1. Which of rounded, prolate or oblate describes the range 365-422 when judged by the alpha-carbon gyration tensor and an a/c cut-off of 1.5?
2. Let me know the charge dipole size of the chain about its Cα centre in debye, to the nearest 20, where only the beta-carbon of Lys, Arg (+1) and Asp, Glu (-1) is charged.
3. Alpha carbons only, please: Rg and Dmax for the chain, in angstrom.
4. Can you compute the charge dipole magnitude of the range 232-390 about its Cα centre, using +1 on each Lys and Arg Cβ and -1 on each Asp and Glu Cβ, nothing else charged? Give it in debye, rounded to the nearest 20.
5. Could you pull out every one of the lysines with an alpha carbon less than 17 Å from that of K239, ignoring same-chain neighbours closer than 8 positions?
6. To the nearest 0.05, what FRET efficiency results for N71 and Q460 with a Förster distance of 30 Å applied to their C-beta separation?
7. With each run of n ≥ 4 DSSP H residues scored as -39500 (n - 2.57), what mean residue ellipticity at 222 nm is computed for the chain after dividing by its residue count and rounding to the nearest 500 deg cm²/dmol?
8. If I take R0 = 25 Å and measure r between the Cβ atoms of M23 and T105 in this structure, what FRET efficiency does the formula 1/(1 + (r/R0)^6) give, to the nearest 0.05?
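The values are calculated or read from the model by the stated rules, or taken from the named source; none is laboratory data. Worth saying up front: this structure is predicted, and the values here are computed from it rather than measured. In this analysis, Cβ positions are derived from the backbone assuming ideal geometry, glycine residues included, and neighbour counts consider all displayed protein chains. Keep in mind that these areas ignore ligands, DNA and RNA; they rest on the heavy atoms of the full protein, side chains included. Shrake-Rupley method; radii C 1.70, N 1.55, O 1.52, S 1.80 Å.
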Amino acid sequence: MTKQNKVAHPYIPNTVPEVQEEMLKEIGAKTIDELFDGIPEELQYKKDLNIPEALSEYELRRYIEGILNKNINTKEYLNFLGAGCWNHYVPAVCDEVNQRAEFLTAYAGDPYEDHGRYQALFEYQSLMAELVDMDVVNVPTFDWAQAAATSIRMAGRITGRKEVLLPKTISPDRLKIIKNYCSPYIECVLVDYEEGSGQINLSDLEDKLSSNTAAVYFENPSYLGFIETKGQKISKLAKSYDAITIVGVDPSSLGVLAPPSQYGADIVCGDLQPLGMHMNYGGGQSGFIATMDDLTFIQEYPSRLFGIAPTVVEGEYGFGDVFYDRTSFASREKGKESVGTQTALWGITAGVYLSLLGPNGMYELGKSIMQKSQYAMGQLGNIPNVVASRFESTNFKEFVVDFSHTGKSVKEINQYLLDNGIFGGKDLSEEFPELGQCSLFCITEIHSKEDIDRLVSTIQKCIDSIGSNQERNGVHAKN
């Protein structure tokens with residue numbers, strides 16, 4: 001509302017003239033301008049803002065939808081991309097619950113506007129703790145990378161050390177975020193992997209462990225899809241130097257794989273996106289951190305934790321913050337880390353997903369994924385000159401396919417697939433050039449046998465086209 005046009009704005013609250021007058025009277029001011037008296041005159045902009053004429057609501061909607069319609073989504077194209085954002089089935093009830101008004105703008109919750117959010121997050125924490133076989137789970141972080149970085153910083157504060165060892169097979173994007181969070185206090189040192197299996201090279205790990213190692217971080221399944229079978233040995237080596245073991249995990253695997261706590265993990269972290277969250281470009285991610293009920297670890301959580309406690313009323317219970325004094329909300333600039341924004345809505349969503357599936361559902365999910373991914377690897381491996389999987393290890397839902405001997409680059413194969421309505425695998429030739437022309441494919445419970453067969457036959461046609469082109473070129477040369 002302006003002085004010249006005293007009408008209420010449809011989207012800006014408290015612009016009705018009568019409402020404004022009532023509010024000004026309540027606070028003892030005559031005009032809105034009086035509210036800015038504390039700003040020096042030279043800093044006040046007195047001219048009209050150069051704002052172009054706005055589109056109508058209909059025109060704006062049509063314009064934005066035109067831009068959005070340029071995107072091709074996984075409902076239109078068959079998708080085999082993963083590498084940190086996976087195409088899982090999202091039960092309708094997940095969207096139904098997280099769209100409720102009391103949850104939709106869920107930041108993390110405060111007592112005066114809780115509306116059951118504390119309880120919902122407590123239930124999520126309890127379900128997640130059971131899945132990862134830990135006692136304590138935090139209110140979610142932004143994503144796996146932030147969860148891993150925060151876990152490493154927790155380990156650094158607990159041990160007072162300045163170095164973390166990580167596998168070379170880690171996602172380069174995730175590593176960049178970890179380095180950003182840990183700099184300049186903690187140095188990231190990469191550990192070699194075995195060429196044949198992809199597993200962490202234990203000899204190199206032992207050579208790089210020292211009294212300055214705060215933690216050893218590895219992932220299971222790894223970024224390249226294989227299952228790390230040396231978890232117990234890695235943990236034992238770390239503990240021999242009093243270092244903390246941190247394991248990053250895809251929670252969708254825990255229905256069929258042992259939780260990291262069973263092979264020595266002190267801190268477990270990972271991504272919540274597989275648990276009821278749609279794929280999004282640049283958003284919709286969420287991470288978690290979990291530990292045992294050990295005060296040494298609990299006091300280093302920077303993020304919020306919710307617990308249950310009896311109230312003054314007999315038989316009644318309430319939900320609230322646990323150990324609030326450890327957060328930056330309480331200690332402000334003296335906090336270990338800033339709590340920052342929380343992706344609480346996705347924690348609630350993950351809680352809905354886990355409560356819906358239960359232990360049997362998570363087992364069926366994991367079994368279905370592994371059966372389908374093994375079938376896909378077998379069929380792709382039957383294509384001449386294609387190796388699937390590149391590593392001699394058991395895989396969960398992702399695996400590396402080597403096209404180095406086909407005469408085609410991953411870029412060319414992916415373009416051919418795209419032209420035929422398929423999103424191919426993640427091109428690894430730049431992230432891991434030592435692997436040659438390799439691609440990371442992802443199979444989940446949504447893929448049918450027909451989907452996988454279509455992928456295989458399309459790649460076969462792409463590779464066969466090389467021979468046809470060579471034959472044609474040979475005929476032209478003779479002529």
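1. Here the range 365-422 falls in the oblate category.
2. For this selection, approximately 1220 debye.
3. 27.0, 97
4. With only Lys, Arg, Asp and Glu charged at Cβ, the dipole is about 700 debye.
5. Output for K239: K162, K208, K230.
6. 0.55
7. Rounded to the nearest 500, it is -12000 deg cm²/dmol.
8. 0.60
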